[in-house]
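Participant: Before I ask anything, let me first share the structure, which is written out below as structure tokens.
The values are calculated or read from the model by the stated rules, or taken from the named source; none is laboratory data. None of the values given here were measured: they were computed from a predicted structure. Note: ideal-geometry Cβ built from the backbone for every residue, glycine included; neighbour counts use all protein chains shown. Side chains are part of the model used for accessible areas, which takes the heavy atoms of the whole protein and leaves out ligands, DNA and RNA. Shrake-Rupley method; radii C 1.70, N 1.55, O 1.52, S 1.80 Å.
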Amino acid sequence: MNHNHEHHAAKSGSGPGAPSHAQHEHPGPTVEQRLDLPLSGMTCASCANTIERALGKAPGVASASVNFATKRATVKYDPAATGPERLVEVVRDVGYDAKLPAAARAAHPHDHSGHGSHASTDGAAEDHTAHMHVNADEQRALLRKVIVGGVLSVPVLVIAMSHGRIDALNQPWINWLQLALTTPVLFWCGWQFFRSAWKGLKHFRANMDTLVAMGTGAAYLYSLAATIWPGFFAAAQSAADHDSHSGHTMVPVYYEAAAAIIVLILVGKLMEARATGRTGAAIQRLLGLQARTARVIRDGSEVDMPIEQVVVGDLLLVRPGEKIPVDGAVEKGVSTVDESMLTGESIPVEKKAGTPVFGATVNGTGALQVRATKVGEDTALHQIVRLVQEAQGSKAPISRLADRISGFFTPTVVGIAILTALIWYFVSPAESRLIMALVTSVSVLIIACPCALGLATPTAIMVGTGRGAEHGILIKGGEALETAHKLGAIILDKTGTITRGKPALTDVRTVPGVDEAEFLRLTASAERHSEHPLAAAIVEGATTRGLTLAEPQSFTAVVGHGIDAQVDGRAILAGKRQLLAERGIDTSALEPWAAELAASGKTPMYVAIDGRVAGLVAVADTIKPSSKQAISRLQAMGVRVAMITGDNARTAAAIAAQVGIPPELVFSEVLPQHKAEHVRKLQSQGLTVAMVGDGINDAPALAQADVGLAMGTGTDVAIEAADITILSGDLTALPKAIALSRATMRTIRQNLFWAFIYNVIGIPIAAGVLY
């Protein structure tokens, strides 16, 4: 899988679950840049294919992808060779229009050099909002056309279906009435198809609109001619076609075909536009989470201002119950903040001076003064929006097949229609050859629909990525969504992925005669001044058990071994066995417990009180509650689950046993630079491999894997190197992501199958094979 990440520069920080907004520091002339161009004038997937081909062939363009559903082109280009304005011209040259994003206009006011800010991120939210408005306008316009077309088409269909059996409709002027009703349907409701077809012909290309225009146009023109010159067409009719009741000749017309096809296609486009609007709802909801105003403290006074006017360095006042406007750090105050919007965790997070806060999260019961560190497009929320936009604008490899088929489909169908007309003209009886040739060729043109092929994939990809975002699964591209469905193996990093990533107190064991609560209180009190992570775990474990800790009268850290302290007049010695042994304290009573705890992956710490062995405490990086269930579900889905860690083999084996990972798939004592080698080893066995991690040391393996998945609670580097980010850090999202991928691919295959079947069966029937 090609991991072509645009952002390689230093980061400015991040929120939980969102990659940092990369900053290009003075990019050189060959730095590849990305541009998202909103498009207009497209009416079907073939149009998107045309624009994509034109952009892909433009000088300086590395890659181009056009998503018809989002009406957006994503272009990666060399700014030394081309620029945004030139790319807009390329789109216009093939008969469509593109709007340069505001940020790109600001960065490239006059030239094409490309020296400026990254065009793909600035204004992303505004572009999306604009797209949503355009989609709403499009839906209203289509609805009007469907209603008008439907009202006018119904009488035409009734007349056609009567087949001359209703005397009131069997009149010489009835064809003129059909003409009057059909003309506005064709040239007002369906004008977009003729305009698009004309554009295509001017550029020597054919698309679905070419078929619609040719099919309905041929039916309309034939019927018009039959209405104006009925005598000419009557001469070709058999005597049976002569109406004995009215004394005039009834010439067949096909107004109902032209009108009904236009209305039916418009109904399809209306449904498509509504589906597109729904798939953008995830982004719209995310954007709706942000605060609209901020209370800024300037010159000692509080000023309410729009969030757009907040700048980095501003001091903000956030009152209880309010949304935090931007990303920042607490300068004053204590509160809890609901960060479930970002992390999926429902438990509020405690905030105090120095701790980070994130825009759109909700403050709890305390007032906070927050110093803004990121605003606008740099905030965690907007980066999540950007990720979803990029994913919905991407294309899976399977969609390229459908696009190629759509490109060849229209000329093929036109050729079949011409061949059908010629065959029936020469094999039909002389009196009906013209009508037979015309009707069959028009039927072929009308029944063929390449858009069913072209839309099979992008619509499903949009729904899949949007659904993923709603579940806290950010999928960066259609390629990742497609690859995830065929995963054969998943490698899980241990620390921070399977486990919580921070040590916690797990066990307290005391010798007979020592009170467990008092033992833990004294030990934790002695550890209060230690900076060791294990000491912090012991202190936190004691306080969560409701113990009140004392201040040690003396404290000495014995480097590499433990601590020596005085608490409430009692001598506390805590640390490794060697520390107690050096002081002449017999630890034999604790050895069986220590061996048992170590075998289960825990770190035992020996404790002596007043020169006598008292017990031990054990600390471990505890397993996340959901890990075992998630791994079990993955294995039930047929995926081999492996674990990789730099930890020792004994701890790794203990953790693996608890979560159900077989010993042969446990890779322990692995250095960061060697993690990618284990990914390659599984890939060499013919498996599609995913890597799940959360740290900087996981980034190479994440990039090497066919699909890299980062826990949203991890580092920016891991998230940047991954294809899928799981915001909550909960492993149960993994089987959800795979199930989502499988459902999406199943939908795409079903769409393609039925589109092919429809055309394979329909076109021969329309050509008259059953006649």
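Participant: Among the GluC sites (Glu not before Pro) within the stretch 511-588, which fall in a DSSP loop and have no more than 13 other Cβ atoms within 10 Å of their own Cβ?
Facilitator: Here the sparse-neighbourhood loop sites are GLU531.
Participant: Could I ask something else about it? Could you give me the ³J(HN,Hα) list for the stretch 724-729, computed from phi with Karplus coefficients 6.51, -1.76, 1.60 and θ = phi - 60°, whole Hz, x at Gly and Pro?
Facilitator: 10, 10, 9, 4, 6, x
Participant: Then there's this: If you take the charge dipole of the stretch 550-678 about its Cα centre, with +1 on Lys and Arg Cβ and -1 on Asp and Glu Cβ, which of HIS674, ALA571, ALA594 is farthest toward its positive end?
Facilitator: The residue sitting most towards the positive pole is HIS674.
Participant: Please report the carbon-and-sulfur percent of the accessible area for the stretch 607-762; probe 1.4 Å, protein heavy atoms only, DNA, RNA and ligands left out.
Facilitator: 57
Participant: Further question: Over 32 Å between C-alpha atoms is what I'm after, so list which of LYS476/LYS502; LYS76/LYS624; LYS502/LYS576; LYS352/LYS628; LYS99/LYS374; LYS352/LYS675 land there.
Facilitator: Values: LYS476/LYS502 28 Å; LYS76/LYS624 40 Å; LYS502/LYS576 20 Å; LYS352/LYS628 34 Å; LYS99/LYS374 28 Å; LYS352/LYS675 37 Å.
In this structure, LYS76/LYS624; LYS352/LYS628; LYS352/LYS675 exceed 32 Å between Cα atoms.
Participant: Skip the ligands, DNA and RNA, and give the accessible area per residue of the stretch 721-771 with a 1.4 Å probe, whole Å².
Facilitator: Normalised by residue count, the accessible surface of the stretch 721-771 is 45 Å².
Participant: With +1 on each Lys and Arg Cβ and -1 on each Asp and Glu Cβ, how big is the dipole of the stretch 506-602 about its Cα centre, in debye rounded to the nearest 20?
Facilitator: 100
Participant: Could you please report the charge total around LYS602, scoring K, R as +1 and D, E as -1 over all other residues with beta-carbon less than 10 angstrom from its beta-carbon?
Facilitator: Values: positive: none; negative: ASP507, GLU596, ASP621.
Spelling it out: positives minus negatives among the neighbours equals -3.
Participant: Which lysines, on any chain, are close to LYS486 with Cα under 16 Å apart, when same-chain ones fewer than 8 places away are left out?
Facilitator: Result set, ordered by chain and number: LYS736.
Participant: May I ask you to list the GluC sites (Glu not before Pro) in the stretch 627-680 that are in a DSSP loop and have at most 13 other Cβ atoms within 10 Å of their Cβ? Mind showing how you got there, number by number?
Facilitator: Numbers: sites: GLU664, GLU669, GLU677; in loops: GLU669.
Hits after loop and neighbour filter: GLU669.
Participant: Give me the accessible area of ARG144, 1.4 Å probe, in Å² rounded to the nearest 10.
Facilitator: 140
Participant: Still on this model: Compute the separation of the alpha-carbon centres of the stretch 514-528 and the stretch 533-563 and state it in Å as a whole number.
Facilitator: Centre-to-centre (Cα) distance: 8 Å.
Participant: Picking from ASN751, ALA733, ILE763, whose Cα lies most toward the positive end of the charge dipole for the stretch 618-771 (charges on Cβ: Lys, Arg +1; Asp, Glu -1)?
Facilitator: Checked the options; the winner is ILE763.
Participant: Please give the direction-averaged projected area of the C-alpha convex hull for the stretch 515-576, in square nanometres with one decimal.
Facilitator: 3.9
Participant: Still on this structure, I have one more. Could you work out the equivalent-ellipsoid semi-axes for the stretch 580-724, taking the square root of 5 times each eigenvalue of the Cα gyration tensor, largest first, in whole Å?
Facilitator: Equivalent ellipsoid of the stretch 580-724: 37, 16, 14 Å, largest first.
Participant: Right, next: If you count only protein heavy atoms with a 1.4 Å probe, what accessible area per residue comes out for the stretch 613-667, rounded to a whole Å²?
Facilitator: 39
Participant: Rounded to the nearest Å, what's the spacing between the alpha carbon centres of the stretch 456-510 and the stretch 596-615? Just the number, please.
Facilitator: 37
Participant: Taking a ≥ b ≥ c as the square roots of the Cα gyration tensor eigenvalues, with a/c under 1.5 meaning rounded and otherwise prolate when a/b beats b/c, else oblate, which class fits the stretch 635-692?
Facilitator: Oblate, because a/c is 1.5 or more while a/b does not exceed b/c.
Participant: Something else: Return the carbon/sulfur percentage of the accessible area of the stretch 508-587, one whole number, probe 1.4 Å, all protein chains in place.
Facilitator: With neighbouring chains kept in place, the figure for the stretch 508-587 is 49 percent.
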